[in-house]
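The values are calculated or read from the model by the stated rules, or taken from the named source; none is laboratory data. In this text the structure is predicted, and so the values were computed from the model without any measurement. Reconstructed Cβ throughout: ideal geometry from the backbone, glycine too, with neighbour counts over all protein chains shown. Ligands, DNA and RNA are excluded from the accessible area calculation, which covers all protein heavy atoms including side chains. Shrake-Rupley method; radii C 1.70, N 1.55, O 1.52, S 1.80 Å.
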Amino acid sequence: MRQRPKNPTVPPPNQRTTQNPKLPTSDYHKPDLFSSTKTVFALCLAFRVVNALLVRTYFNPDEHWQALEVAHRIAFGYGHLTWEWEMGIRSYLHPMLFALLYKVLAILGLDTPWFMTRAPRLLQSIFSAVGDLYLYKLSDVLFGDCVAKWALFSQLANWFMIFCFPRTLSNNLETVLTLVSLYHWPCMRVSSTKVPLVSRKWSLAAAALACAIRPTSAIIWVYVGLLELFVTHDRLKFIFLEVAPIGVMVLGLTCLLDRLVYGSWVLVPLNFFKFNFLSAGGDYYGTHKWHWYFTQGFPVMLFSFLPFSIAGIIRSKQWKLSGLIAWVLGLYSVLGHKEFRFVLPVLPIALMFSGYALAKMKAPDSPDTEKEGSLRSHIKGPHKMRFSILFLLATNIPMALYMSLVHQRGTEDAMIFLSKEARNEKVKSILFLMPCHATPYYSSLHRNLPMRFLDCSPSEENGIPDESDRFMMDPIRFASEFAKNWSIPSHIVLFDSEERLLRDFLISHSFREVRRFFHSHFKVDRDLQASVVVYVWTGH
């Protein structure tokens with residue numbers, strides 16, 4: 001009979017608890033591909049690099065305006081800072097990573113249009129691969145290597161992770177740090193007494209960094225911290241000798257960094273809390289019903305993995321992690337302004353439960369294969385497994401490719417075109433007559449030229465439409481008033497939905513269409529924006 005090799009991360013069957021059951025497997029030898037964490041990481045990195053190169057679409061303004069645009073200003077001395085930076089509710093910690101990348105590109109002479117648009121996502125792909133690896137490791141210590149492999153499959157095949165994870169959103173780095181920290185948290189293991197004490201300190205450091213990058217990450221760590229406080233025997237040591245010193249150290253270092261860049265002392269977490277929680281400032285950019293995350297947001301992110309995740313939660317009985325998902329969705333539901341990316345850190349956990357359900361299909365509960373019912377389940381298992389995998393791939397991969405390559409790509413294509421034109425000295429100035437922050441900005445153009453977009457900064461007085469709103473309500477009137485005092489731009493960029501209304505206006509001011517880029521097949525939150533149109537001033 002074949003002996004099970006020693007595996008320090010997976011306790012033998014007689015030591016496993018019913019609280020965190022690990023699945024039996026028919027073959028305990030790991031395949032060569034999963035023989036070490038290095039090979040798993042290499043697999044994840046290769047996948048995420050290809051993933052990053054495939055992403056050509058525009059998802060959320062913060063990917064550019066709160067990360068790359070800020071980094072470009074730090075590295076090259078020009079770039080636009082939005083109102084958040086004037087109010088001091090953003091930390092420079094996350095943009096600084098990409099500022100260093102930009103500096104390296106400039107030193108090597110690689111700050112070309114291709115590298116300026118692709119290199120940041122390639123850097124993010126490294127971070128994303130680390131997140132994938134730690135989801136695998138977390139699944140391994142909780143449920144065993146069989147579940148770990150299927151959890152990794154779920155992570156890599158999920159359409160939203162493919163679409164979102166290589167982007168330069170701070171939520172993505174927050175998600176990576178969350179996975180690293182959860183892996184090291186003692187209370188998340190089968191037996192917390194077997195976890196070295198230093199592991200908890202590494203976990204606290206990762207959690208503190210996540211909170212420094214996104215203060216709302218504290219929602220996760222309040223839950224996990226209370227769990228740890230409940231089970232640990234040295235509560236005072238945990239609070240005063242670990243949480244407090246590590247938290248103060250990370251907060252102090254990020255405050256020092258912000259002091260150097262802002263030019264004055266700024267306590268970002270406090271400013272962030274005042275704006276988003278005390279004044280509900282985020283509601284300015286739209287609100288959703290309280291149940292949106294439960295009925296629309298999170299189910300759309302999980303997509304066809306949803307039934308597998310629910311089945312995995314029920315069958316695994318790992319209530320601490322499933323409780324974390326419910327806790328995060330519940331607290332974020334209290335806030336009026338909701339976005340998919342806000343709850344991204346708990347999506348990998350839900351996908352881990354999907355991996356558990358898939359592994360259950362491969363390894364049925366009953367070890368007695370001589371019984372007729374058990375034999376029938378082993379025969380049916382592979383068929384059910386193959387069908388499930390084909391179903392998940394057939395539903396997620398087309399969706400991921402469409403959203404990454406097709407949907408809302410016009411604004412990025414337009415900026416790549418303008419950056420090449422600017423490099424050839426064909427662009428003097430640009431006016432964006434479209435909703436604010438609809439395109440990348442200096443981080444893509446990479447030329448210090450005058451550019452103007454329609455402002456949408458929150459107003460202290462409620463009910464007063466901003467520049468962007470006034471344009472969308474009446475494009476012709478707004479453009480006519482705006483043209484009375486403008487310095488004529490060499491290029492105007494706008495969506496075709498407004499271009500149809502402004503065509504006569506543009507022609508009368510000596511503009512002609514130079515390029516048109518496909519943008520979208522269907523509308524999102526406004527009228528259909530099918531294409532992005534670039535007009536050039538003829539000078540006649």
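Once neighbouring chains are kept in place and the probe is 1.4 Å, which whole percent of the accessible area of the stretch 116-180 is contributed by carbon and sulfur?
That fraction is 76 percent.
Pairs of alpha-carbon atoms within less than 8 angstrom and 6+ residues apart define the contacts here; what relative contact order does the chain have, in percent?
17
Determine the percent antiparallel among the DSSP beta bridges restricted to the chain, to the nearest 5.
Of all bridge pairs located within the chain, approximately 65 percent are antiparallel.
For the stretch 66-111, with all protein chains present and a 1.4 Å probe, just round the carbon and sulfur fraction of the accessible area to a whole percent.
Taking all protein chains in place, the stretch 66-111 shows 62 percent carbon and sulfur surface.
I need the chymotrypsin sites (Phe, Trp or Tyr not before Pro) found in the stretch 498-540, filtered to DSSP loop residues with at most 11 other beta carbons within 10 Å of theirs.
Within the stretch 498-540, the qualifying chymotrypsin sites (Phe, Trp or Tyr not before Pro) (loop, at most 11 other Cβ atoms within 10 Å) are F522.
Ignoring ligands, DNA and RNA, what accessible area per residue does the chain give at 1.4 Å, in Å²?
Dividing the accessible area of the chain by its residue count gives 46 Å².
State whether the stretch 458-540 is rounded, prolate or oblate according to the following rule on the C-alpha gyration tensor (a ≥ b ≥ c being the square roots of its eigenvalues): a/c under 1.5 gives rounded; otherwise a/b larger than b/c gives prolate, and the remaining case gives oblate.
oblate
Relative to the present Cα-Cα distance, how much length would full extension add between K201 and N462 at 0.36 nm per residue of separation?
89.4 nm
Would you work out the relative contact order for the stretch 489-540, in percent, from Cα pairs under 8 angstrom that are 6 or more residues apart?
This gives 50 percent for the stretch 489-540.
Could you tell me the calculated FRET efficiency between F505 and L528, based on Cβ-Cβ distance and R0 = 22 angstrom, to the nearest 0.05?
E between F505 and L528, to the nearest 0.05, is 0.55.
Given axes a ≥ b ≥ c from the Cα gyration tensor, I'd like to know whether the stretch 137-222 is rounded (a/c under 1.5), prolate (a/b larger than b/c) or oblate.
Oblate is the answer for the stretch 137-222, as a/c is 1.5 or above yet b/c matches or exceeds a/b.
What is the Cα convex hull volume of the chain when expressed per residue in Å³?
Dividing the Cα hull volume of the chain by its residue count gives 161 Å³.
By the gyration tensor of its Cα atoms, with a ≥ b ≥ c the square roots of the eigenvalues, what is the shape of the stretch 83-199: rounded for a/c under 1.5, prolate for a/b over b/c, or oblate?
Prolate.
With just the Cα atoms defining each centre, how far is the stretch 82-150 from the stretch 294-351? Give it in Å.
Result: 23 Å between the Cα centres.
Compute and list, largest first, the equivalent-ellipsoid semi-axes of the stretch 220-351 from the alpha carbon gyration tensor, each √(5λ) rounded to a whole angstrom.
30, 24, 12
Given R₀ = 45 Å, FRET efficiency for R259-R386 by Cβ-Cβ distance, to 0.05?
The calculated FRET efficiency here is 0.20.
Helix-derived [θ] at 222 nm for the chain: sum -39500 (n - 2.57) over DSSP H runs of at least 4, divide by residue count, nearest 500?
-17500 deg cm²/dmol
Taking 0.36 nm per intervening residue step and subtracting the Cα-Cα distance, what contour gain separates D469 from H291 on full extension?
61.3 nm
Using label points projected 7 Å from each Cα along Cα→Cβ, tell me how many nm separate L53 and L331, to one decimal.
Between L53 and L331, the simple spin-label model gives 4.0 nm.
May I ask you to give the percent of accessible area on the stretch 239-325 that is carbon plus sulfur, with a probe radius of 1.4 Å?
Answer for the stretch 239-325 is 74 percent, counting heavy atoms of protein chains only.
Take each complete run of DSSP H in the chain, measure how far its Cα atoms stretch along the helix's own axis, and keep only those covering 30 Å or more with mean Kyte-Doolittle hydropathy at least -0.5; list them.
Helices passing the filter in the chain: 113-143, 372-405.
Which order do S309, S264 take when ranked by solvent-accessible area (1.4 Å probe, heavy atoms of all protein chains), largest first?
Descending accessible area places them as S264, S309.
If one puts a single equal scatterer on every Cα of the stretch 27-139 and applies the Debye formula without solvent, what log₁₀ I(q)/I(0) results at q = 0.13, 0.18 Å⁻¹?
The computed values of log10 I(q)/I(0) come out as -0.61, -0.97.
Going down the list K137/K317; K38/K201; K274/K338; K426/K523; K274/K320, which pairs span over 21 Å between their C-alpha atoms?
In this structure, K38/K201; K426/K523; K274/K320 exceed 21 Å between Cα atoms.
So, R0 is 22 Å and r is the distance between the beta-carbons of Y402 and W114; what FRET efficiency does that work out to, to 0.05?
Rounded to the nearest 0.05, the efficiency is 0.40.
Taking 0.36 nm per residue of separation and subtracting the Cα-Cα distance, what length does fully extending R315 through W83 add?
78.8 nm
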